[in-house]
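Let me begin by presenting the structure, written as structure tokens, before commenting on it.
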Amino acid sequence: MQASHLYTNSSMSSGSFYQPMQEVEAYYLSQFQNKDHHLRYNDNSYDDSSLVTDFSVPNTYEPYCTLESSSVNRSYNTYKSPSTVNFSPTGSPMSQQESQSYPPDLHHSPDNAYGSPRSGSCVTNDVSDLRHKLRELETVMLGPDSDIIDSIDSTFQNGTDTCSSEMNIWRQIMGAGSRKDVKQVLIACSKAVSDNDFLMADWLMAELRQMVSVSGEPIQRLGAYMLEGLVARLASSGSSIYKALRCKEPASADLLSYMHILYEVCPYFKFGYMSANGAIAEAMKDEDRVHIIDFQIAQGSQWITLIQAFAARPGGPPHIRITGIDDSTSAYARGGGLYIVGRKLSQLAQQFKVPFEFHAAGMSGYDVKLENLGVQPGEALAVNFAFMLHHMPDESVSTENYRDRMLIQVKRLSPKVVTLVEQESNTNTTAFYPRFLEALNYYTAMFESIDVTLPRDHKERINVEQHCLARDIVNIIACEGPERVERHELLGKWKSRFKMAGFRPYPLSSVVNATIKTLLENYCEKYRLQERDGALYLGWMNRDLVASCAWK
């Protein structure tokens, strides 16, 4: 489903709301009747502790398990319901008093980095402005064709009591929550966050906490992590969560197991590695000395099948040298440094009688210089960018423009082939609200595909989704500027960057296409493979998820 199709039109009865909604309506009614008491400030100079919210919504929420975002937040004075329980990634319960995840500072947010003060009230004093805001909210939750507000237009025109009209609108709009439509409430909540409507965002987050579950349907599981991202964004803690999650992960051996499970149940990574390997094997079929530079080697799993393929090459295998680049982040998942990768690949090459060398470059892609790569005369060079370039900041983040600068540096090496594998998603320069919709669309497809191949009662499924996917989701939603490192681009943009760096497309072979099609036969028929404009796309139903291409 494309982002433009996320809105649905439906009519709702004004009576279709349940007890928690009635309590919230009562709260809102009190706010309209006494707006001056919405916020209370002390007389001290402004800081985080000088803003205290006065409201409290008594409610009972079903416990749901998400990331332990609260551990990086400070204590807040909202939603201190003793019945609310969160769970840490280890499964230990935390009371809501221990786990507050709402913002202490309603005047400043990631989108207000320059400190411009906002109005202290979330409720407008202007009827026409209120009507406009309600129209926007109605459109988000009910679709553009809804006529709820128009139906009471005469009420505004005739000067009928504003509070009564407002509450009628609230009943209609908030009825969406009673349908338990997680996707629509997520969209409405992200719109409220985007508009800095903190009152509405808090209410919708409370609704979402009753709807999401890490052990439920795909949209409920995804919703749990997207809700965590929204909470972290309001609390300005997204970067802290993103960095802290690695410390909360299980032992490296367990994490490696989770990554292996994801690799096996979803063909995305296999597809990417196989298409890249096919292009490299095709380009190097007549070469005696091959040097492969992998800019994010991780566990080195990609090269196992390529070494085996070279071993079976008619006329004997070439001499292979692999330069593996990676920083300390992946070292945790490996359980140690790059020497572990080199030892594993060397043992494999020895087993298949392939001449082999491994060169470790333990550094971030930011810091790589040509002299770090150890390129030698007489080698046929291949460069591999598999799920890596989207981490490099571009011109929108830094004047250094590491993304384009790296491609220009690689071009100077005159490689015989360069492979690119990336997620087909647009989250780089997109503003928060459309970026949220794009992430919702993309990860909905991914979670649905996991649901097909990994049963919901699988004991490791929650760990796979939390440790391998949730971290990226939180970063996309909660972080901005240099702290947002998950910056995907569509293949069309990547093509422009490669062409500007002086590269030309390298055609993929029909053998590679046939091999990947055979791979997909082992998975659900909803996966699809398409070749368009010299590139391969792997998708789930009508959504492209991964794109692969080669350059020279």
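The values are calculated or read from the model by the stated rules, or taken from the named source; none is laboratory data. Please read these numbers as outputs of a predicted model, since none were measured by experiment. Methodologically, a virtual Cβ is constructed for each residue, glycine included, from the backbone with ideal geometry; neighbour enumeration extends over all protein chains shown. Surface accessibility is based on the protein's heavy atoms, side chains included, excluding ligands, DNA and RNA. Shrake-Rupley method; radii C 1.70, N 1.55, O 1.52, S 1.80 Å.
So here's what we get for this one:
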| quantity | calculated |
| --- | --- |
| Test: residue in region 202-212 that is modelled with pLDDT of 90 or more, in the same structural domain as Ile304 (by the TED database) and open to solvent by 10 Å² or more (accessible area, probe 1.4 Å) | no |
| Selected residue (only one of Leu437, Leu373 is in contact with a Leu (Cβ under 9 Å, 6 or more places away or on another chain) and more than 30 Å from Leu520 (Cβ to Cβ)) | Leu373 |
| Residue list for region 418-472, filter: outside any loop (DSSP other than H, G, I, E, B) and of a type in the set (Lys, Arg) | Arg435, Arg461, Arg471 |
| Tyr527 within 30 Å of Ala224 (Cβ to Cβ) and open to solvent by 10 Å² or more (accessible area, probe 1.4 Å) | yes |
| Selection count, region 494-512, where residues are part of a helix (DSSP H, G or I) and touching a residue at least 24 places away in the same chain (Cβ under 8 Å) | 7 |
| Pick from region 319-343, criterion of a type in the set (D, E, K, R) and in a helix (DSSP H, G or I), ranking: modelled with the highest pLDDT | Arg343 |
| Residue check, Arg135 buried (at least 22 other Cβ atoms within 10 Å of the Cβ), modelled with pLDDT under 95, part of a helix (DSSP H, G or I) and among the basic types (Lys, Arg) | no |
| Subset of region 530-550 that is of a type in the set (Asp, Glu) and open to solvent by 80 Å² or more (accessible area, probe 1.4 Å) - its residue that is nearest to Ile450 (Cα to Cα) | Glu531 |
| Meets criteria (modelled with pLDDT under 85, in contact with a helix residue (DSSP H, G or I) (Cβ under 7 Å, 6 or more places away or on another chain) and outside any loop (DSSP other than H, G, I, E, B)) for Ala349 | no |
| Some residue of region 420-437 being among the acidic types (Asp, Glu), modelled with pLDDT of 95 or more and crowded, with 20+ Cβ neighbours inside 10 Å | yes |
| Hits in region 352-382 - residues which are under 25 Å from the mean Cα position of the chain (by Cα) and in a loop (DSSP other than H, G, I, E, B) | Met363, Ser364 |
| Residue match in region 489-499 (condition: among the polar types (S, T, N, Q) and closer than 23 Å to Ser396 by Cβ) | yes |
| Residues within region 383-398 that are farther than 17 Å from Phe271 by Cβ and in a loop (DSSP other than H, G, I, E, B), tallied | 7 |
| Qualifying residue in region 430-443 (condition: farther than 22 Å from Ser275 by Cα and in the same structural domain as Trp494 (by the TED database)) | no |
| Selected residue [open to solvent by 10 Å² or more (accessible area, probe 1.4 Å) and at pLDDT 95 or above] from Glu371, Glu395, Glu357 | Glu357 |
| Qualifying residue in region 180-193 (condition: open to solvent by 40 Å² or more (accessible area, probe 1.4 Å), assigned to a helix (DSSP H, G or I) and either modelled with pLDDT of 90 or more or of a type in the set (Val, Ile, Thr) (or both)) | yes |
| Meets criteria (in contact with a Phe, Trp or Tyr (Cβ under 8 Å, 6 or more places away or on another chain) and modelled with pLDDT under 95) for Leu519 | yes |
| Those residues of region 299-316 which are assigned to a loop (DSSP other than H, G, I, E, B), open to solvent by 20 Å² or more (accessible area, probe 1.4 Å) and either under 18 Å from Met259 (Cα atoms) or not assigned by the TED database to the domain that holds Glu264 (or both), in sequence order | Gln299, Ser301 |
| Test: Phe385 is on the phi < 0 side of the Ramachandran plot, in contact (Cβ under 8 Å) with a residue 40 or more places away in the chain and more than 23 Å from the chain's Cα centre (by Cα) | no |
| Any hit, region 405-427, residues being without any contact (Cβ under 8 Å) to a residue 24 or more places away in the chain and either in contact with a helix residue (DSSP H, G or I) (Cβ under 8 Å, 6 or more places away or on another chain) or not assigned by the TED database to the domain that holds Glu525 (or both) | no |
| Test: Ile462 is open to solvent by 10 Å² or more (accessible area, probe 1.4 Å) and farther than 24 Å from Arg543 by Cα | no |
